[in-house]
Amino acid sequence: MSECFLIKGKIDNAASQGGVASVDYNDTFVFDAQGNLKKMSAGVLSAYRLKNGEGELWVSGKLDVTPFEIELEFRKTGTARKWLENLIVRHVTRQRSLDGSLTIFARTAEEGTGVLCADIPHTAAPPVPEWRKTYEL
């Protein structure tokens, strides 16, 4: 399980952030083990135990990132910290700043296992193109 917060403009592990569980979150996104995105009703953090391959993102404030981008970054990463960092980069690129009132909590079930990578089967290297064979020594 990996957890990470953005609070008061700083990214940190959930364990060192006391009192953020009482924040009222206006957007909640949950990913199931099959990678399906569900936007849930707003509220406070749940005690739901995530299963392998699942994740949650809780947002308080205005995050200038689309649900598709949230899903894309979840699939690309496996850790809550990397997922959150990538979303913040997308947000700051659009807004040119990071509002101190924006609070985000990201949680993933298994550190280091992105859903997208797990779904891609291993294949052999592609054949060398004919034009390339001509120039090889």
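The values are calculated or read from the model by the stated rules, or taken from the named source; none is laboratory data. Remember, it's a predicted structure, so these values are computed and weren't measured experimentally. FYI the Cβ positions are ideal-geometry reconstructions off the backbone, even for glycines, and counts take in every protein chain you see.
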Residues of region 44-99 being closer than 19 Å to Asn26 by Cα, more than 15 Å from the chain's Cα centre (by Cα) and in a loop (DSSP other than H, G, I, E, B), which ones? Val44, Leu45, Ser46, Ala47, Tyr48, Gly61, Lys62, Leu98, Asp99
Selection within region 1-60 - hydroxyl-bearing (Ser, Thr, Tyr) and either at pLDDT 85 or above or surrounded by 18 or more Cβ atoms within 10 Å (Cβ to Cβ) (or both): Ser2, Tyr25, Thr28, Ser60
Of the numbered conditions (1) out of contact with any strand residue (DSSP E or B) (no Cβ under 6 Å at 6 or more places or on another chain); (2) modelled with pLDDT of 85 or more, Thr113 fails exactly one; give the number of that condition. (2)
